[in-house]
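Report on the structure given below.
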Amino acid sequence: MFALPKANSVTMTVPRTHGQARAVVPCSRKFGTRSHPLLAQHTRARSGLVMPSAVTQQIGFLGGGMMANALIRGFIDKGVLAADQIRVYDPKQANRDKFESLGAKSYPTNTEVVENSDMVFLCVKPAVIPKVLTQIKPYLTPDKVIVSVAAGVPISKLVEHTGPDYKIIRVMPNTPVLVGETAAAMCLGGTAGQEEEAILMELFSAVGKIYTLDESKISAVTGTLAAQTVYGASKMVLETVSHPGVLETLAAQTVFGASKMVLETGSHPGVLKDMVTSPGGTTIAAVHELEKCGMRAAFMNAVTAAAARADEIAEM
């Protein structure tokens with residue numbers, strides 16, 4: 001089983017008080033107490049709390065779909081970016097208007113976003129990545145950072161269209177970024193180094209967790225692919241066992257609590273399962289039925305299928 005390395009940043013959580021949002025304060029292990037040269041230490045008041053806003057770069061997004069929406073709203077909501085630091089292109093005027101309403105700046109072409117951004121997120125479908133990179137290449141400069149969140153597109157494919165002299169980062173997040181609980185992995189390519197890694201750590205530490213991995217760990221059975229599979233499966237579980245209202249909330253809280261126990265206790269999921277499956281009890285009866293239906297094999301097959309599909313996309 002592949003184990004994720006420890007993240008290069010940690011967070012301190014300010015206790016939640018009534019009517020106030022949680023403050024997540026990123027702390028860099030890599031750079032200690034010194035500010036990174038590309039990060040400015042200034043703060044902004046949000047929801048009655050003083051929130052860190054360390055990233056001063058202009059951040060662009062090409063594509064305004066679900067992932068871009070989750071990232072943008074998450075960064076703004078958690079205070080890691082001010083809305084006026086964000087530039088967005090989407091072919092649909094309605095989507096551009098939506099981001100304008102948040103305070104971001106939208107442009108009618110992707111090249112204008114690149115021209116006016118220091119770091120550009122590619123939030124488009126994998127199939128159109130080559131076309132987009134071809135369009136924006138004349139506007140790239142060695143100091144700009146390209147961040148791709150396109151599933152299954154390896155760094156080699158990105159560099160093939162940009163050339164080797166650009167800062168390329170591949171990131172695999174998931175949509176819980178919107179609620180500050182993303183599980184993301186990144187790998188560095190081209191000329192990207194610690195400076196660019198620090199900025200991504202700063203951004204994503206405000207909306208979840210991010211880990212730096214060798215790319216070979218991503219396209220196989222990666223933590224992110226497995227997380228996406230389990231995330232989808234947990235949605236199906238909630239859809240099946242919950243009902244509107246209180247029961248739906250209880251079901252969701254049950255899944256959240258179980259996940260939190262795995263993350264915070266450090267215990268193996270099997271150990272935690274044994275803690276609640278008393279002989280002759282209701283839980284062991286339910287687990288018995290799941291095993292009869294091949295649930296364990298179904299999960300294994302789902303993760304394998306996701307990894308295989310990622311490899312197929314990478315070969316396109």
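The values are calculated or read from the model by the stated rules, or taken from the named source; none is laboratory data. Worth saying up front: this structure is predicted, and the values here are computed from it rather than measured. Neighbour counts are summed over all protein chains in view; Cβ atoms, including those assigned to glycine, are modelled from backbone coordinates with ideal geometry. Calculation scope for accessible area: heavy atoms of the full protein, side chains included, ligands and nucleic acids excluded. Shrake-Rupley method; radii C 1.70, N 1.55, O 1.52, S 1.80 Å.
Quick one: is Arg46 farther than 22 Å from Thr212 by Cβ, modelled with pLDDT under 95, out of contact with any Gly (no Cβ under 9 Å at 6 or more places or on another chain) and not hydrophobic (A, V, I, L, M, F, W, C)? No: the conditions fail for Arg46.
Of the set (1) open to solvent by less than 10 Å² (accessible area, probe 1.4 Å); (2) at pLDDT below 95, all apply to Asn95 but (1). Looking across the stretch 259-293 at every residue that is of a type in the set (Asp, Glu) and under 28 Å from Thr182 (Cα atoms), the one that is surrounded by the fewest Cβ atoms within 10 Å (Cβ to Cβ) is identified as Glu264. For first residues located in the stretch 269-282 and more than 19 Å from Phe256 (Cβ to Cβ), partners that are surrounded by 11 or more Cβ atoms within 10 Å (Cβ to Cβ) and at pLDDT 75 or above and lie 6+ apart or on another chain with Cβ distances below 7 Å form the pairs Thr277/Thr283; Thr277/Ile284; Thr277/Val287; Ser278/Ile284. Taken over the stretch 277-310, the residue count meeting the criterion of being among the hydrophobic types (A, V, I, L, M, F, W, C), over 30 Å from Ala150 (Cβ atoms) and modelled with pLDDT under 75 is 0.
Scanning the stretch 286-316 for residues that are of a type in the set (Gly, Ala, Ser) and within 20 Å of the chain's Cα centre (by Cα) gives Ala306, Ala307, Ala310, Ala314. Counting only strands (runs of 3 or more DSSP E) that sit wholly inside the stretch 110-220, those with at least 2 residues that are modelled with pLDDT of 95 or more and surrounded by 19 or more Cβ atoms within 10 Å (Cβ to Cβ) are 119-122, 145-148, 167-172.
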